[in-house]
Amino acid sequence: MGAKRVPVAVLGATGYVGAELLRILSRHPGVELAFVSSEQYRGRRASDVYPSLVGYADLVLEAPDPAAAAERAEIVFTALPHGASAPIVAALRARDRLVIDQSADFRLRDLRVYAQWYGDHHAAPELVREAVYGIPELYRDAMRTTRLVAVPGCYPTCALLGLVPLARAGLLREPVVIDAKSGTTGAGRAAKVEQLFAEVNENFRPYAIAGHRHGPEIDQELAAAGAPVGTVFVPHMLPLARGMECTMYVRIPDAPSLDELFARAYRDEPCIVLRGAEPPTIREVRGTNRCAIGWRYDAPTGYAVVMSALDNLGKGAAGQGVQCMNVVLGLDESTGLDAPGLVP
């Protein structure tokens, strides 16, 4: 890495994902923050909105103007609402900027599926096929030459990293049950009654049963891995701020060596921790870009139980976006991301 740092912009810098991008990028040795935006807090410093960023991200927040962002930055992270991101991404790509999009606008390859789940006419359909789905462990080669990365949702990242090795091995032949649990930041920063402290604290509930927007992402990528089997995906809300765990129940035909399967898939991956029969925990990955994966095989029932845990703002969002940027730039993928979990 040379001495020159690459200028980067973050559009939508005051949502939880945007703020996490500022936290990571402000300490990244290969880039410098050159432009940050927020409609809500325009004219204020990012560190005024998040005092934890004082001395790290003191830039004044501006309007999310793609022309201004492209003029000052070579790489633009778009952490904007679904639907609002696509036209801005199109304007940035017209100016040949590398875009790391954190929204859902370019994740789904079938525009009919996108319309079904997001209810919008896609504002840049011509870019959907250009976008590379942003899980480096699955799409690294394609990512190296792309100019548009579609960073996945947090639940799909958590579930797919546990399931794709089985799919590629031809072991997924029946619908998969995904029992998923997330902290409240996964639902964003907007005020919602169901996310009030009194509603979440000392409580636990499922939501969006058979109706979560991340479901079609998971189905799409399992099919791409050779397993168009469908899923029963049930997310739950945990009484904590950040962190996610997925437990997947998979009936498989034989008794394969899951140890060998996961070792082959991930032994050289810097952001994957293989726990074997030991269940991973949310606490061990909090504040990191790691996904910890465990597994067990229950011979009497023929079910494999695969468990994966990550930080929904880290490997599930902003951290993964930065990992994708590192891939495109040819950097070590852990650059700016390598840190142990926040324990206790």
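If you go through the range 8-18 and pick out every residue that is surrounded by fewer than 24 Cβ atoms within 10 Å (Cβ to Cβ) and either out of contact with any helix residue (DSSP H, G or I) (no Cβ under 6 Å at 6 or more places or on another chain) or charged (D, E, K, R) (or both), you end up with 1.
Of all residues in the range 224-258, exactly one satisfies the criterion of being over 19 Å from the mean Cα position of the chain (by Cα) and part of a helix (DSSP H, G or I), namely Leu258. Here is the figure for the range 155-199: residues that are under 23 Å from the mean Cα position of the chain (by Cα), hydrophobic (A, V, I, L, M, F, W, C) and in a helix (DSSP H, G or I) total 9. Put simply, of Leu59, Leu33, Leu21, Leu53 the only residue that is touching a residue at least 40 places away in the same chain (Cβ under 8 Å) and of a type in the set (A, V, I, L, M, F, W, C) is Leu21. For Ala34, the conditions (1) open to solvent by less than 20 Å² (accessible area, probe 1.4 Å); (2) more than 17 Å from Gly319 (Cα to Cα) are fulfilled apart from (1). Applying the condition of being at pLDDT below 95 and small (Gly, Ala, Ser) to the range 278-303 and asking which residue is nearest to Ile178 (Cα to Cα) yields Gly302.
What are the residue pairs meeting all of these: first residue in the range 80-95, first residue at positive phi, second residue surrounded by fewer than 21 Cβ atoms within 10 Å (Cβ to Cβ) and of a type outside the set (Val, Ile, Thr), Cβ atoms under 6 Å, and 6 or more apart or on different chains? Correct list of pairs: Gly83/Asp120.
Based on this model, can you work out whether Pro152 counts as crowded, with 23+ Cβ neighbours inside 10 Å and assigned to a helix (DSSP H, G or I)? So Pro152 does not fit the description; no.
Look at the range 326-344: where a residue is in a helix (DSSP H, G or I) and a partner is among the basic types (Lys, Arg) and open to solvent by less than 80 Å² (accessible area, probe 1.4 Å), sitting 6+ places away or on another chain with Cβ atoms under 8 Å, you get Val327/Arg140.
Annotation: Ser52 fulfils all but one of (1) more than 22 Å from Gln320 (Cα to Cα); (2) open to solvent by 20 Å² or more (accessible area, probe 1.4 Å); (3) not charged (D, E, K, R); the unmet one is (1). Of all the criteria given as (1) crowded, with 20+ Cβ neighbours inside 10 Å; (2) under 18 Å from Val229 (Cβ atoms), the one not satisfied by Gly134 is (2). Of all residues in the range 112-131, those satisfying the criterion of being of a type in the set (A, V, I, L, M), assigned to a helix (DSSP H, G or I) and surrounded by fewer than 16 Cβ atoms within 10 Å (Cβ to Cβ) are Val113, Ala115. Per the listing Ala339, Ala304, the residue uniquely of a type in the set (Gly, Ala, Ser) and open to solvent by 20 Å² or more (accessible area, probe 1.4 Å) is Ala339. Name the residue that is most open to solvent (accessible area, probe 1.4 Å), counting only residues in the range 260-278 that are outside any strand (DSSP E or B) and without any contact (Cβ under 8 Å) to a residue 24 or more places away in the chain. Taking the candidates together, the pick is Arg267.
The values are calculated or read from the model by the stated rules, or taken from the named source; none is laboratory data. Remember, it's a predicted structure, so these values are computed and weren't measured experimentally. Reconstructed Cβ throughout: ideal geometry from the backbone, glycine too, with neighbour counts over all protein chains shown. Side chains included, ligands, DNA and RNA excluded: accessible areas come from the protein's heavy atoms. Shrake-Rupley method; radii C 1.70, N 1.55, O 1.52, S 1.80 Å.
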